[in-house]
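Before any comments, here is the structure.
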Amino acid sequence: MVASSSSSAVEASLTALAVSLRGVTKVYDNGVMALGPFDLAVRKGEFISLLGPSGCGKSTALRIIAGLGAPSSGTVRVARHEGEVQPRRVQPGHGIGFVFQEPTLMPWANARENVRLPLRLAGMPKADARARADEALASVGLADFADSFPRELSGGMKMRVSLARALVTDPDILLMDEPFAALDEITRFRLNNDLLALWRSLRKTVIFVTHSVFESVYLSQRVVVMTARPGRIQADIRIETVEPRGEEFRTSAAYSDYCRSVSAALAPSYSGRSTL
């Protein structure tokens with residue numbers, strides 16, 4: 001059977017997507033509706049931020065994408081390594097790296113062994129896994145700290161180890177759940193710059209959860225603003241700037257204008273109103 005032009009267009013658009021959520025809801029056992037209906041499409045190689053008030057379902061959406069939780073209804077599709085978009089039936093972590101709010105490092109293991117953990121669990125030979133872990137640590141600027149233990153590392157360095165652990169399996173999609181929220185402003189700015197440089201180099205698809213308007217605008221190609229619970233999309237704002245971004249963007253008039261626009265879109269979620 002020859003596909004119609006309309007169905008061919010749909011197939012082409014699907015293969016360009018890394019993540020697609022359609023009509024997704026999440027209702028917890030206690031009856032709380034945390035999310036939805038929620039619709040989100042993320043193209044391969046895109047960097048987007050989910051921004052919204054506490055409890056709006058940002059982390060819930062991330063966990064559903066990762067396969068760490070099931071939606072109550074709706075469709076979740078995640079691109080596989082070979083580029084085919086399939087309904088979520090794969091095991092958690094297949095093609096996905098997850099960076100949580102806390103580094104969650106094993107205190108008895110050095111940085112290399114913490115990063116090597118996913119490869120060890122997957123049964124990779126020790127020598128190969130060690131080389132991959134060292135490469136991942138080097139990619140986040142910690143080549144000289146592979147033998148250091150978490151107690152010997154700063155908060156920013158611990159988060160870099162966590163990022164290296166997420167990258168060591170070479171995932172197509174990187175999910176980041178407020179990874180820099182607990183860090184001081186100077187460290188956060190530095191890690192924002194390093195993350196952008198890493199994204200430009202590796203071209204992973206990144207979905208980044210944050211409470212910060214300023215961080216979302218600085219990092220993202222798109223800022224997806226969510227309503228208060230149950231989380232839905234209030235606004236989807238594209239950040240169009242000259243690449244690569246750097247400190248000059250952070251102090252530019254364009255950056256200030258985008259921050260104002262995102263703040264205006266976010267305001268109804270805090271005031272109890274919605275423009276939907």
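A few notes on this one:
- Note on segment 14-70: Kirkwood hydrodynamic radius from all Cα pairs is 12.2 Å, rounded to one decimal.
- Spatial extent of segment 211-276: Rg and Dmax, with the Cα atoms as the point set, Å: 12.4, 37
- Across the chain, the longest piece that holds none of the GluC sites (Glu not before Pro) lying in DSSP loops with up to 16 other C-beta atoms within 10 Å covers 85-239.
- Across all directions, the average flat footprint of the convex hull enclosing the Cα atoms of segment 166-207 is 3.0 nm².
- With the helix formula -39500 (n - 2.57) applied to DSSP H stretches of n ≥ 4, the chain reaches a computed 222 nm mean residue ellipticity of -12000 deg cm²/dmol.
- Simple Cβ-charge dipole of the chain, Lys/Arg +1 and Asp/Glu -1, about Cα centre, in debye nearest 20: 580 debye
- Annotation: Cα Rg of segment 141-214 relative to the compact-globule expectation 2.2 N^0.38 Å equals 1.10.
- Here the chain is described by how far its Cα atoms reach on the three principal axes: 53, 52, 44 Å, from widest to narrowest.
- Within-12-Å neighbourhood charge of Val224 [Cβ basis; K, R +1; D, E -1]: +1
- Selection from Val223, Ala129, Ile96 lying farthest towards where the dipole of the chain points positive, charges on Cβ: Ile96
- Cut-off of 10 Å, at most 11 other beta carbons, DSSP loop: longest stretch of the chain lacking such trypsin sites (Lys or Arg not before Pro): 90-272
- A simple charge model with +1 on the Cβ of Lys and Arg, -1 on the Cβ of Asp and Glu and nothing else charged puts the dipole of segment 149-196 at about 200 debye relative to its Cα centre.
- Calculated SAXS-style log₁₀ I(q)/I(0) at q = 0.29, 0.34 Å⁻¹ - segment 123-167, Debye, Cα scatterers: -1.07, -1.26
- Translational D in µm²/s for segment 157-276 (Stokes-Einstein at 25 °C, 0.890 mPa s, Kirkwood Rh from C-alpha pairs): 159 µm²/s
Bear in mind that the values in this text are calculations on the coordinates, not laboratory data. Here the structure is a predicted model, which means the values were calculated and not measured. Every residue, glycine as well, gets a Cβ built from its backbone with ideal geometry; the counts of neighbours run over all protein chains shown.
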